[in-house]
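Working notes for the structure below.
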Amino acid sequence: VLYRTAMPWAIHQPSSSSSSASAATTMGHGGEYRTVLEDVLSSSGTTTTGDDVAFEFGGGIVMGSLPSREPRVALRLLAPLVEFSGPDADGEGRRGAAAACLLAEAAAIARRGGAATVANDETLPECLWRIASGLLDDDDAGTGDDDVVVPWTNRVRTLESHLDILEGSSSLQPCCAVVLEAIGETMSRISSARPDNGGGTSAETREGVLVALRESAFRTSMRGRLWDDALRACVSDPCARRRSADLRRLVLGMVDAGALGKLVDMSLTVVGRELWSTTFGEEEGTGGTAAASGVDLFDLASDIIEEAAVERASASLGSNVADDDASNDRPDYWGCLYALHASRGNWRRAAYAMDMCGKAAANSVSASGSESQTPPILSKAASKKVMDDACLSAQACFHAISQVDRPSQRYLLPGNDDIPSESRLLAEDDLERRASRALALRTFFMDEYSPDSVGSVLESTSRDTIDAMARLGYYDQAIEVAKGVSSKRKGCLPGGVDLFDDALRYILCTYLVPAAAKGYFSKDDGGINSLQSRSKIAQIRASSSACAHGYPSMSQSCVNSSTVNSMSWVSNGKSGKALQSAMAMNLLQQYTTVYSKRCHGLGLNVASAILSSGDVVSELPVWLKQLCMFGLLGDEEGKHGMFAQQSGKENGIANPEGLMRLYMKHHQYGEACDVVTSIISKQQSANSNNVSSRLPEKGSIDYVPYDLIDMLWNMIESIIASNSLNPSEDVKFQVKSLKRKRVGMEKALGSYFESLAISEDGLKSARRLSSA
């Protein structure tokens with residue numbers, strides 16, 4: 001078929017030099033080619049008559065059935081016919097020349113991106129390679145020759161030498177498969193052949209050729225990314241040193257090529273010691289348990305990837321300037337190691353891989369890690385990648401350790417002999433705190449006002465991190481970091497201070513209260529106030545949603561800032577600053593309500609911060625006054641005891657006496673009177689039906705701060721006396737309002753005293769009845 005189709009194709013194909021002539025005409029007269037073709041067909045053993053050739057020249061083959069899109073292939077096929085057209089032409093040389101032309105044509109088609117247009121298209125590069133491999137196959141070499149190996153290996157050598165031309169094309173892999181078939185056939189023939197007594201190739205030479213063919217098979221498999229063939233060639237190599245080196249090349253080559261899925265699915269099983277005599281770091285002839293059980297290729301592959309990851313991490317510590325392009329092109333060895341262990345269910349080893357990945361990312365931007373003791377210079381994109389790696393590794397590490405079946409095994413013990421094991425131990429809680437902190441840092445680093453140095457963000461102390469996050473409006477992230485620091489103490493209170501309580505008060509009072517105060521944005525000096533005065537609507541909405549999601553039962557009575565419709569504010573003519581102020585106040589209500597039980601006196605601290613924020617805010621919001629006077633809605637606290645506080649850390653949310661003192665400190669005496677009136681009035685209404693049945697033995701004890709009330713009364717008297725002669729209408733109005741509120745307090749106290757007399761009489765009657 002090869003020779004019979006070459007001539008008519010050349011005749012019917014237009015010439016590239018002359019549009020009026022055919023390709024065959026430019027090379028010679030048709031009669032000359034007819035004679036050549038007859039001689040070649042007869043010399044090759046093909047039965048063909050002159051009439052058959054005439055029929056072909058006469059157009060018996062329709063051009064529509066020929067792959068005419070490749071005009072040069074016919075000329076390449078005709079070239080060996082013309083070159084070896086004599087009667088004494090060497091058949092082997094003719095086949096070799098024809099194979100070389102086929103391989104060259106296949107390379108030309110591959111460079112042009114040739115693809116099959118019809119079924120069974122024989123002009124595809126792999127098809128031409130298969131034909132060329134058949135032409136080069138010299139299966140008739142006798143075993144009595146001085147060297148029968150050379151004719152067999154020439155086929156492999158010729159095919160392999162043409163693979164370089166196909167680099168980068170889609171035809172490389174199928175053509176490599178053709179080479180592997182040729183190598184397999186050659187190795188089978190050499191292994192089965194036996195030298196004659198009088199000559200031939202020696203056994204030692206044959207063994208050397210087989211070793212070279214195995215190396216060629218591995219090299220060709222790696223070039224064509226035929227990973228299974230490469231693994232078989234690697235395992236079958238009898239040399240332990242070369243086998244170990246090839247396995248390393250195979251594993252790292254697959255990772256570099258992005259064939260992680262194939263590596264996971266590959267059959268990396270335990271190989272018997274007879275097939276794998278030595279492992280990494282072992283010497284020939286060593287025995288023991290490993291020799292009896294064999295070698296686990298999966299463990300070897302994971303060790304190879306881990307060594308490569310450690311080598312890269314160590315190399316990056318010495319550089320002071322990061323190469324963005326190179327770092328983006330580098331394979332993620334730690335991520336591959338994590339996936340490899342996770343695919344086998346080795347979750348602790350997967351967690352260890354991610355722990356090392358996070359440390360490598362942090363060390364790459366650490367000033368202590370570089371030789372010049374200065375942090376590396378990174379672009380914004382490179383810094384973002386480092387932060388992403390640190391965050392992802394922390395999250396993946398916690399996820400992996402949480403998948404361990406036995407809770408007692410959910411820990412990590414990183415290897416560092418210089419540090420005691422107790423300090424190196426990372427329990428599941430520690431990994432969870434680290435994951436929460438890493439996620440908070442990443443969210444913070446994405447802000448345009450965050451520090452440019454990712455190393456400074458990762459190495460910053462918890463105090464500095466909380467302060468920076470809260471300043472930019474990332475309140476939820478700052479609180480999460482504070483929770484992690486507090487839980488790490490495991491109940492210990494350094495200096496008698498709960499770190500979470502202290503951090504939460506700082507976040508709310510220093511940053512959230514000013515954001516909620518109207519008119520806070522009037523001053524902008526371009527410095528720290530400029531950062532605080534920028535829009536935080538998105539951050540506040542996200543923090544409010546996170547708080548509502550984490551504490552749905554406590555947040556249901558609060559106004560969720562994320563539900564505030566910004567469009568309604570715009571339609572009503574409200575500014576963005578007013579919208580942010582309202583959202584910040586709603587978020588402040590959420591946080592204060594949610595954490596009041598955990599943080600004793602949080603409500604009073606927030607109230608003090610609001611009253612101290614300036615002259616803009618003259619009174620506390622209603623929800624905060626209700627919280628300080630009566631506690632949380634639905635709690636039993638506040639129904640008994642009046643001004644008394646309940647004992648216990650998670651009690652004592654209500655502190656009306658403290659609210660009175662706070663009002664008096666800020667000269668809001670009328671508001672202090674309202675506190676007394678509200679507390680007594682509510683208590684009276686709650687006990688209106690059982691005034692005479694309240695017994696101290698059952699906890700019916702009321703506390704009223706008479707000394708504080710007397711002090712308030714005297715201060716009001718002093719204010720009234722000092723302003724009695726002031727003709728200002730504003731002052732007269734304030735004095736009148738102050739008197740009215742004091743009168744209300746006086747009436748409430750009078751009503752309370754009357755109920756006390758009734759209670760005393762009831763108490764005496766109850767005790768008489770109980771003693772009778």
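Pairs from the list Lys384/Lys483; Lys625/Lys736; Lys483/Lys597; Lys597/Lys625; Lys483/Lys625 with a Cα-Cα gap above 19 Å: Lys384/Lys483; Lys625/Lys736; Lys483/Lys625.
For Asp296, the residues whose modelled amide H falls within less than 5 Å of its own, excluding neighbours fewer than 5 places apart on the same chain, are Val271.
Using r as the Cβ-Cβ distance of Asp228 and Glu459, and R0 as 45 Å, what FRET efficiency do you calculate, to the nearest 0.05? Result of the calculation: an efficiency of 0.45. Counting only heavy atoms of the protein chains and using a 1.4 Å probe, Glu185 has close to 80 Å² of accessible surface.
On full extension, the segment bounded by Asp164 and Arg241 gains 25.0 nm, given 0.36 nm per residue less the C-alpha separation. Here Phe753 and Ser612 are evaluated by their C-beta separation; at R0 = 45 Å the FRET efficiency comes out at 0.80. Computing FRET efficiency as 1/(1 + (r/R0)^6) for Ser314 and Leu725, where r is the C-beta to C-beta distance and R0 is 60 Å, gives about 0.10. In terms of the mean number of neighbouring beta-carbon atoms within 10 Å, the peptides 344-357, 167-180, 579-592 order highest first as 579-592, 344-357, 167-180.
The residues Tyr449, Tyr511, sorted by heavy-atom accessible surface at 1.4 Å with ligands and nucleic acids left out, run Tyr449, Tyr511 from largest to smallest.
Placing pseudo-labels 7 Å out from each Cα toward the beta carbon at Lys380 and Glu185 gives an inter-label distance of 6.1 nm.
Count the net charge of all other residues whose Cβ sits under 11 Å from the Cβ of Gly484, scoring Lys and Arg as +1 and Asp and Glu as -1. Don't skip to the end; give the middle numbers.
On the way: positive: Arg433, Arg434, Arg437, Lys483, Lys488, Arg489; negative: Asp429, Asp430, Glu432, Glu480.
Here the count lands on +2.
The values are calculated or read from the model by the stated rules, or taken from the named source; none is laboratory data. What you see is a predicted model; the values in this text were computed from it and never measured. When we count neighbours, we look across all protein chains shown, and the Cβ atoms used for this are built from the backbone with ideal geometry, even at glycine. For accessibility, only protein heavy atoms count, side chains too; no ligands or nucleic acids. Shrake-Rupley method; radii C 1.70, N 1.55, O 1.52, S 1.80 Å.
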